[in-house]
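These notes are about the structure you will find just below.
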Amino acid sequence: MNLTEELAPLAGPGMHLPAATLDPSLIRAVMINEVVPEHPEDDFYGANDPPFYLTTALPLFQRAGLPAQSIRDVTDAGVYITNAVKTPKKDTNVPAEDIALSLPLLEHELDLFPRLKAVMLMGDVARKAFNLIWKKKTGRNALPAVSTYKLRKTPLYAENIRIFPSYIMTGRNILIEKSKADMAAEDIRTMLEIIHS
């Protein structure tokens, strides 16, 4: 399946779509990052060598025990990475309306993968987006309004899918905040164990 073609009918002006082609039946986990980069070629599936987002994401997988050297290694391991917000940031914060505009695409992306065992929410924007989707389906949030560090070790589920609240995996901050990088790598390790069990 070509994700760009699949999502294009739902996309609004200025939205960046993942340039990924994969078999949905092989995906066991979706990792939701916060927001697309300014330039599409820097996204996880972008044309840059390497795309900027992978310069921080791949080391997290490597520290988690998956010797990934490319996004293909990640998808071959059963993990699809996407962004909650499909338009680049205009400021340091992501407005609620930007999350809402991208929500139909994210919801459709999640529905594409029939064999999901886990969803990782990499940062607060991803948490908000997933809670909005879940509240629309069930009338309640999937995650309580509790700090990520307090929730990380608690097994949380949306139906039969394990939900992992974690930390943002892209940008220069992850290189500075070593403790968050350590925790994100630990969460990825746990997620990989679950989807491969």
Anisotropy class of segment 35-132 from Cα gyration tensor, a/c 1.5 cut: oblate
Estimated distance in nm for a label pair at Thr55 and Lys136, the labels positioned 7 Å out from Cα along Cα-to-Cβ: 3.4
Total charge dipole magnitude, segment 1-159, about the Cα centre, Cβ charges on Lys, Arg, Asp, Glu only, Debye to nearest 20: 980
Estimated distance in nm for a label pair at Ala145 and Met1, the labels positioned 7 Å out from Cα along Cα-to-Cβ: 3.4
Listed values [x] 10.2; [y] 14.2; [z] 13.4, entry calculated as mean projected area of the Cα convex hull in nm²: [x]
Accessible area in square angstrom per residue, segment 90-186, 1.4 angstrom probe: 55
Theoretical FRET efficiency, 1/(1+(r/R0)^6), r = Cβ-Cβ of Asp76 and Glu97, R0 35 Å, to 0.05: 0.45
Positive-end residue, the chain charge dipole about Cα centroid, Cβ charges, pick of Val146, Ser102, Ile133: Val146
Ordering of 29-35, 39-45, 141-147 by burial proxy (mean other Cβ atoms within 10 Å per residue, highest first): 29-35, 39-45, 141-147
Set of lysines near Lys89 by C-alpha distance (under 19 Å), chain-local residues within fewer than 8 positions excluded: Lys128
Pairwise FRET efficiency - Asp23 versus Arg63, Cβ, R0 = 35 Å, nearest 0.05: 0.85
Of Lys90/Lys153; Lys150/Lys180; Lys90/Lys136, pairs whose Cα-Cα distance is over 23 Å: Lys90/Lys153; Lys90/Lys136
Segment 45-134, relative contact order in percent, only Cα pairs under 8 angstrom and at least six apart counted: 21
Under DSSP loop assignment and at most 12 Cβ neighbours within 10 Å, longest trypsin sites (Lys or Arg not before Pro)-free interval of the chain: 1-89
Sulfur and carbon atoms: percent of accessible area, segment 96-197 [1.4 Å]: 53
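Taking only DSSP H segments of four or more residues, each worth -39500 (n - 2.57), what value at 222 nm results for the chain once the sum is divided by all its residues, to the nearest 500 deg cm²/dmol?
After summing the helix terms and dividing by the residues of the chain, the value is -12000 deg cm²/dmol.
The values are calculated or read from the model by the stated rules, or taken from the named source; none is laboratory data. Quick caveat: nothing in here was measured; it's all calculated off a predicted structure. Heads up, the Cβs are rebuilt from the backbone with ideal geometry, glycines too, and the neighbour counts pull from every protein chain shown. The area values use the complete protein model at the heavy-atom level, side chains included, leaving out ligands, DNA and RNA. Shrake-Rupley method; radii C 1.70, N 1.55, O 1.52, S 1.80 Å.
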